[in-house]
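For reference, the structure is listed below as structure tokens.
A short reminder: the numbers here are calculations on the coordinates, not readings from a lab. None of the values given here were measured: they were computed from a predicted structure. Glycine also receives a Cβ, built like all others from the backbone with ideal geometry; neighbour counts cover every protein chain displayed.
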Protein chains: 2
Amino acid sequence: MATIATPNTAEAFGVSEVNKVKRVHERGRYDKKTVYEILDAALVCHISYIIDGRPFCTPTGFWREGDHLYWHGSAASRMIRKTKEGVPVCLTVTHLDALVMARSGFHHSVNYRSVMAWGNAHHIDDPEQKLKLMDRFIDRIYPERSKLIRQPNAQEFKATTMMGMEIEHASGKIRDKHVSDEEEDYEGVRAWSSTYPVTQVIGAPIDCDRQIPDLKRPDAMVDFEPGARLDHVLTKTYKRTFGDK
Amino acid sequence: MATIATPNTAEAFGVSEVNKVKRVHERGRYDKKTVYEILDAALVCHISYIIDGRPFCTPTGFWREGDHLYWHGSAASRMIRKTKEGVPVCLTVTHLDALVMARSGFHHSVNYRSVMAWGNAHHIDDPEQKLKLMDRFIDRIYPERSKLIRQPNAQEFKATTMMGMEIEHASGKIRDKHVSDEEEDYEGVRAWSSTYPVTQVIGAPIDCDRQIPDLKRPDAMVDFEPGARLDHVLTKTYKRTFGDK
């Protein structure tokens, strides 16, 4: 589809009929820095794909490297099986940041940061690349952990399907303000109006009850402070593992 | 598609090729009680649909009434416009509950509760029904709030598109346990193994800076205690508004 506005430079995604933000278009973001920040603060995405003309939307863990997104599933997954030849998918990430209570139903809203990314999903079949990616998925969440754990055996390696796609189109969308009511409603409507911040946080770790007694949280997991926001933890662990690429 | 197991009684969704949980099938849930609980604890879903053979996955607010799901968007939304005649969609809800660190990459996991629901999305065009639904969406989140706010004017009413679908297929999926490592790894691998609980919580409300001075949080919003889990708040406000239907 034709690019109709921003050129697809290294700094931004081109705006096309696919990724153009149409509803409340002023919330749209096409610069890669913003899109990447939203993606790299998340662990779970929702992937949309088509089987026999029917849409499916599956939550799964994922991560980004450059303009590529990766995720995996077992070989039994219907989605993975169907996408063996490479099929179009839409991968979406959403962070809910606040509930916004307005003075009319129309202006009720939520604050959020979201990204929709489109591409063609394909299998990662090269064993060396696949093994590297399996380690990097662990390290992306838990820095340096791949060196601590047992490496996959032949059966596990075979049972793990690694998928990837190059981002062909992407756009971000952000709302991050208080209410935006009609002027006459501020004084004319007696409805308490507030925003409730929403955050996703991690709690205190619960040790495995078969933990080897002298083991402690590894130093490389310093970002996992109980009470920390998960999006902040994931942003930090991402940079710890990949730097600023 | 043919029902191959559980009959589609009032108590459970039939299991078909569409909704059968294939990956880690023992996590599958088909009883309506469980599916409804997961849906009613959420505000944001991801809806998957097809435009010109390309999948889209859009985050949006939604709610459930019986076996029907509702959501809305502006008339400008490409999705809504395309679905005017009714098109197949998949609506997915995911609650992330914990990060699970195992002793091998293969057994790393997350705890979660998710639902995938399929149906044919259609417009709600009847003005009376649409107006009722607009109020109920507000009240489902903020009990009794529709009585406090200004009712939609003609322009807002026209600009609001209300969508709905009857659930044709649905399934839930839950993981809610600690690590499940290979027996020999518990003692053989020196990797600290823990779960980190993940919760989505609301903070203290931030008043609109043009708040009418004597207004306070309405009594019907008693569930909105700062620090409360959003899924718990939404479950309570759902029951406060709809009872146990």
Euclidean distance between Cα centres, segment B:11-63 to segment A:82-131, Å: 16 Å
Aspartates and glutamates whose Cα lies under 13 Å from that of B:K173, excluding same-chain neighbours fewer than 8 positions away: B:E26, B:D31, B:E37, B:D97
Pseudo-label separations to other copies for A:E166 - Cα-to-Cβ vector, 7 Å, nm: 4.6
For A:Q155, label point 7 Å along C-beta direction: distances to other copies, nm: 6.7
Residue with peak Gaussian network fluctuation, chain A [Cα springs, cutoff 10 Å], from A:L215, A:L91, A:L39: A:L215
Selected from B:G203, B:G53, B:G227 as most flexible by GNM, with chain B as the system and alpha-carbon contacts under 10 Å: B:G53
Nearest-ten-degree value, helix A:127-141 long axis tilted from longest Cα axis of chain A: 50 degrees
The protein assembly as shown: calculated mean residue ellipticity at 222 nm from DSSP helix runs of at least 4, using -39500 (n - 2.57): -6000 deg cm²/dmol
Distances in nm from A:T235 to the matching label points in the other copies, shortest first (labels 7 Å along Cα to Cβ): 3.0
Positive minus negative residues near A:R145 (Lys, Arg vs Asp, Glu; Cβ under 15 Å): +4
Highest-fluctuation residue, A:N153, A:N111, A:N120 considered, GNM on chain A with Cα pairs under 10 Å: A:N153
Residue-averaged beta-carbon neighbours from other chains (10 angstrom radius) around A:175-186: 2
Rounded tilt (10° steps) of B:230-242 against the dominant C-alpha axis of chain B: 50 degrees
Global form of chain A, assessed from the alpha-carbon gyration tensor, a/c cut-off 1.5: oblate
Anisotropy class of segment A:103-172 from Cα gyration tensor, a/c 1.5 cut: prolate
Peptide A:54-66 - average C-beta neighbours from other chains (10 Å radius): 6
Spin-label model distance (nm) - B:R27 vs B:V222, 7 Å beyond Cα toward Cβ: 3.7 nm
Average beta-carbon neighbours from other chains, 10 Å sphere, peptide B:89-101: 5
Members of A:K177/A:K239; A:K132/A:K158; B:K20/B:K236; A:K216/B:K177 lying beyond 18 Å, as alpha-carbon distances in this model show: A:K177/A:K239; B:K20/B:K236; A:K216/B:K177
